[in-house]
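Only one structure is covered here, and it is reproduced in the block below.
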Amino acid sequence: MLADSDVERVLVVTAHPDDVDFGAAGTIASWTAKGIEVHYCILTNGDQGGFDDTPRHEMGPLRQREQRAAAAAIGVASVEFLSHPDGHLVPTIERRGEVVRAIRRVRPQRMIIASPDRNWDMIGAAHPDHMAAGEIAIQAVYPDARNPFAFPALLEEGLEPWAVQEVWVMWHPDADHFVDITDHIDDKLRAIRSHVSQTSHDPELETRIRTRTEATAVRGGLGEGHHAEVFKVVITA
């Protein structure tokens, strides 16, 4: 597994605005604090989210603004939205090509993606868009992004093949790599609170997040009083 000191750039690929903040914002804040460049690629417009009567045509742009604010709160370098319809994401060759383009443009050593495998203990994480985004992303990592004969039109854009060295999978049923985010739990909460349209209805949100990250830390052997996020790390190069 790469040491953080060996990582210059990270690409995060998720289905919706806010996925990355619930799954990995503390870890990402710890990386940006070390000078690692982090970029987001978000596949849908998020317009099926929300808990009020916001018109659907306004929800996608609103969620993009919220995600940009969340990213800025933890030092993320850029956010790209592919803006496909929320709730309709499927692993197609076209979606793979879009993520390959993002990989070749960013040239990350490390990626964060959602799990393509259903986690029966976290049914909320097993949203079909999440699993589809995970499948699209891992197919883009291997074999496509590194293969000069895959998506040859990208070569015409000057986007040369790139091999991602490792992928960190959020919400995986066999996740076993724990990251201590105690020093960055407030950053995680700040990012999550940026998603006002998704979280303002829940007065217990901060308590639930703290309870969950504390339980994850205990499960990972970090001890009481710590906060953690957990991933499945897959070596891909």
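Only the coordinates and a few stated rules stand behind these numbers; no lab work does. The structure displayed is predicted, hence computed values, not measured ones. Backbone-built Cβ (ideal geometry, glycine too); neighbour counts: all protein chains shown.
Where the centroid of each part is defined by its Cα atoms, how far is region 1-39 from region 183-197 in Å?
Taking the Cα centre of region 183-197 as reference, the centre of region 1-39 is 14 Å away.
Might you report the magnitude of the Cβ-based charge dipole of the chain about its Cα centre, with Lys and Arg at +1 and Asp and Glu at -1, to the nearest 20 debye?
With Lys and Arg at +1 and Asp and Glu at -1, about 360 debye.
Which one of Ala73, His227, Ile36 is farthest out on the positive end of the charge dipole of region 8-235, using unit charges on Cβ (Lys, Arg +1; Asp, Glu -1) and the Cα centre as origin?
Positive-end residue among those listed: Ile36.
Taking P(r) over Cα pairs in 10 Å bins from 0, in percent as the quantity of interest, determine which of (i) 8, 33, 39, 17, 3, 0; (ii) 7, 22, 22, 21, 15, 6, 3, 3, 1; (iii) 8, 29, 32, 21, 8, 1, 0 was computed from the displayed structure.
(i)
Going by average Cβ neighbours within 10 Å, how do the peptides 231-237, 149-155, 21-27 rank, with the highest at the top? Each step should come with its number before you reach the end.
Numbers: 231-237: 15.9, 149-155: 14.1, 21-27: 26.4.
Sorting 231-237, 149-155, 21-27 by mean packing, highest first, produces 21-27, 231-237, 149-155.
Cβ under 12 Å from Thr92's Cβ, Thr92 left aside: what net charge do those residues give with Lys, Arg +1 and Asp, Glu -1?
-1
If packing is taken as the average count of other Cβ atoms within 10 Å, what order do 114-126, 179-191 fall into, highest mean first?
179-191, 114-126
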